[in-house]
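Beneath this line is the structure, given in structure tokens, with notes to follow.
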Amino acid sequence: MKTKLIFVAKWIWFVAVVLIGVGFLLSGLSRLDETQPVGADAEGTLTNASSEPAGSAAPRQTESETSISASVRSSADPSPESGAELLPADSLSAVIQQVNRARANQLEQQGLPSSDTADWMAVCRRMSLALVGSGMSLEEIRHLQSLPEATRESVHLQQLFEDPRFHHYWAERWTRFLVGADEGPFVVYRRRRFRHWLAEQIAAGEPYDKIVRELVTAEGLWTDQPEVNFLTVTFDSNDGQPDPIRLAARTSRAFLGMRIDCLQCHNDFLGNVNLGDVTEPREGLQSDFHQLAAFFSSAKTNGLQGIRTGDADYHYQYLDATEETTVEPAVPFAPELLPKQGDARSQLAGWITHPENRQFARAAVVRFWALMFGRSPTDAVDNLPLDEPLPPMLRPIVDDFQVHRDIRRTLEIIARSDAFRLSSRAPFDVTGEHEDAFAVFPLTRLRAEQVAGAIAQAARVKSVDRESSFLVQLMKYGSINDFLKRYGDLGENEFSQDAITIPQRLVMLNGKMLRESSETNPVLNATGHINLFARENGQAIETVYLCVLNRFPSDAERQHFLERWEGTEQRGQAIEDLFWTLANTTEFAWNH
């Protein structure tokens with residue numbers, strides 16, 4: 001009898017654990033509240049929570065409906081009627097108007113037409129891809145549909161800024177251009193600690209110039225002071241000491257947007273690097289590079305104390321010289337901005353971030369623009385010659401950044417500009433000239449981590465974030481890492497627009513991540529939830545489109561799949577096939 005009781009007790013305990021586990025996983029599927037419908041209504045039906053008709057493409061908005069506010073509308077006429085002169089010069093809307101007018105004037109000068117504004121779903125998808133590295137979740141779409149249409153874009157943008165996914169995703173993007181994508185030297189370099197420190201700075205809203213100063217002047221142990229890893233990542237090329245040459249090259253590219261690496265070995269004979277005075281530039285000299293590197297020679301490794309600041313002590317044998325010479329620290333342009341006081345690295349940090357160093361602001365704005373659009377507005381994100389102007393629409397943003405140094409403010413200006421909110425489609429033939437002038441939103445391939453993030457998010461009804469269950473987070477982390485290894489990661493060269501490769505296409509067609517994400521798993525996957533809760537086939541088709549492509553199906557698309565599903569006894573398999581098919585479309589893999 002005792003044995004039977006123990007046996008029954010074990011089974012009761014096992015069933016209880018299973019129920020608790022399932023309840024924990026399913027807890028994320030319920031609605032947050034009555035104003036934020038996510039998945040199913042009280043009767044188990046997937047709801048629309050909006051006035052958009054089921055099974056039809058979202059109607060194109062009028063200009064008055066799609067504007068975040070009336071003051072954001074584009075206008076080439078600076079007359080009082082446009083409202084521009086009624087706004088404070090420092091206001092966000094005033095800057096956005098300047099950006100829009102500059103774009104409109106440029107298009108008029110080039111004789112190029114402009115496409116219409118994209119619908120709110122397309123704009124919000126772009127925001128999500130740029131700021132958190134994935135498309136919108138069904139939960140987010142339903143919540144936005146419950147709001148007035150004119151506020152959806154602005155609300156979504158502000159929610160993304162407060163989302164920890166934004167802090168961590170942008171920290172990874174910054175880590176790549178600050179220290180690279182490799183793991184670096186063993187023991188003395190902690191890339192993960194560095195990335196988490198960056199995420200904390202972004203979450204706290206620290207000014208960009210403050211972050212840069214802390215990187216350049218970092219001191220301490222790489223484990224205790226994560227910013228020190230900006231220096232220690234170069235240990236492997238300089239016998240356990242920070243490498244001034246690599247740090248000079250990284251600093252000029254990341255913070256100044258200038259490629260002066262070639263000056264390490266010789267003077268610039270081809271006219272590719274112009275330094276000195278902006279109004280009267282001169283050719284770059286080998287000494288320009290090594291004088292910049294000399295600042296970092298003051299960073300010394302001091303045993304258990306980590307990095308400490310000492311005297312600058314830099315020697316180099318120039319091309320055609322017979323012996324080494326002592327190289328004094330000096331900057332390659334605008335020497336009048338270099339502080340007179342402080343140690344070498346503090347002086348360099350003060351010069352880089354000086355309010356009048358416009359090259360610093362230019363480099364930051366071009367970098368942020370490229371991260372938002374997926375492509376650089378110039379030939380290269382880190383090649384901005386002193387004597388070459390930026391596109392006109394970027395100049396007001398640079399002016400504003402010089403004053404505020406505010407990362408989120410700059411991103412909001414970009415996200416609310418006409419250039420970011422345009423449709424990729426147009427009633428005219430779109431050419432490269434139209435995309436370069438931002439007459440349309442430029443089509444760009446999603447980066448590898450965006451493709452993986454979009455698949456992981458499409459497979460879930462709710463947003464996959466730090467509030468998700470541990471199992472969901474663990475599955476996402478493992479599947480994305482495996483996907484990136486197979487799909488291929490561009491590393492620092494993340495703005496390359498090379499065509500998709502055959503192995504990448506095969507990973508999408510036959511890969512484990514997409515296969516598992518599309519399976520009709522009733523506990524974890526959106527396909528399983530749709531099969532359970534969508535009463536009608538049309539509703540199921542619509543919901544799959546929202547999850548994967550973040551838009552409603554067109555009437556023709558909806559009718560096509562309704563006819564194919566008619567009379568099927570395997571609706572779960574049909575939903576799974578539709579999910580897989582949409583995830584393998586060009587529309588899914590591109591930002592548009």
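The values are calculated or read from the model by the stated rules, or taken from the named source; none is laboratory data. These figures come from a predicted structure and were not determined experimentally. A quick note on method: Cβ atoms are made from the backbone with ideal geometry, for glycine too, and the neighbour counts reach across all protein chains shown. The area values use the complete protein model at the heavy-atom level, side chains included, leaving out ligands, DNA and RNA. Shrake-Rupley method; radii C 1.70, N 1.55, O 1.52, S 1.80 Å.
Accessible surface for H404 stands near 60 Å², nearest 10, in the context of the full protein assembly shown (1.4 Å probe).
Among the GluC sites (Glu not before Pro) in the stretch 295-399, those placed in a DSSP loop whose Cβ has at most 15 other Cβ atoms within 10 Å are E323, E324, E356.
Here the stretch 229-277 is assigned +1 on the Cβ of each Lys and Arg and -1 on the Cβ of each Asp and Glu. Its dipole about the Cα centre then comes out at about 160 debye. Whole-Hz Karplus values for the stretch 168-174 come out as 6, 5, 6, 4, 5, 4, 5 Hz, taken residue by residue from phi with 6.51 cos²θ - 1.76 cosθ + 1.60 and θ = phi - 60°; glycine and proline positions read x.
For the stretch 528-585 versus the stretch 372-393, the inter-centroid distance based on Cα atoms is 42 Å.
Taking K and R as +1 and D and E as -1, what net charge do the other residues with C-beta under 13 Å from the C-beta of A419 add up to? Computed value for this residue: +3. In the stretch 253-329, the portion of solvent-accessible area held by carbon and sulfur atoms comes to 46 percent [1.4 Å probe, whole percent, DNA, RNA and ligands not counted].
Given C-alpha coordinates of the stretch 252-389, what is the ratio Rg to Rh with the Kirkwood estimate of Rh? Value, to two decimals: 1.00. With a cut-off of 12 Å between beta carbons, the residues surrounding H167 carry a summed charge of -1, where Lys and Arg count +1 and Asp and Glu -1. Taking the convex hull of the alpha carbon positions in the stretch 444-591 and averaging its projected area over all directions gives 9.2 nm². Charge tally for S518 (other residues, Cβ to Cβ under 13 Å; Lys, Arg +1; Asp, Glu -1): -1. Per residue, the stretch 83-203 exposes 36 Å² of solvent-accessible protein surface, assessed with a 1.4 angstrom probe and all protein chains in place. Sequentially through the stretch 134-144, phi angles give Karplus couplings (6.51, -1.76, 1.60; θ = phi - 60°) of 8, x, 6, 7, 4, 4, 5, 4, 4, 5, 5 Hz, Gly and Pro residues having no value and appearing as x. Across the options Q225, T309, L270, the greatest Cα extent toward the positive end of the charge dipole of the stretch 167-353 (unit charges at beta carbon of Lys, Arg, Asp, Glu) belongs to Q225. Around the amide H of F552, modelled in the peptide plane, lie the amide H atoms of A58, all under 5 Å away and 5 or more residues distant in sequence or on another chain. Note on E283 and N481: with the Förster distance fixed at 45 Å, the Cβ-Cβ geometry gives a FRET efficiency of about 0.45. Between I502 and A181, the FRET efficiency estimated from the beta carbon spacing at R0 = 35 angstrom works out to 0.90.
Taking all Cα pairs closer than 8 Å and separated by 6 or more residues, the relative contact order of the stretch 444-591 comes to 28 percent. Residue by residue, the stretch 389-400 carries 3J(HN,Hα) couplings of x, 7, x, x, 5, 7, 5, x, 5, 5, 4, 5 Hz when phi is fed to the Karplus relation 6.51 cos²θ - 1.76 cosθ + 1.60 (θ = phi - 60°); x denotes Gly or Pro.
When the chymotrypsin sites (Phe, Trp or Tyr not before Pro) in the stretch 207-293 are filtered for DSSP coil states and for at most 12 other beta-carbon atoms within 10 Å of their beta-carbon, the remaining sites are F269. Considering only DSSP states other than H, G, I, E and B, which trypsin sites (Lys or Arg not before Pro) in the stretch 255-348 qualify as loop sites with at most 16 other Cβ atoms within 10 Å? Sites meeting the loop and neighbour criteria: K340. Eigen-decomposition of the gyration tensor built on the alpha-carbon atoms of the stretch 167-353 gives equivalent ellipsoid semi-axes of 27, 19, 16 angstrom, largest listed first.
Accessible area per residue for the stretch 444-591, computed on protein heavy atoms with a 1.4 Å probe, is 47 Å². On the principal axes of its alpha carbon atoms, the stretch 109-213 extends 51, 42, 25 Å, with the longest extent given first.
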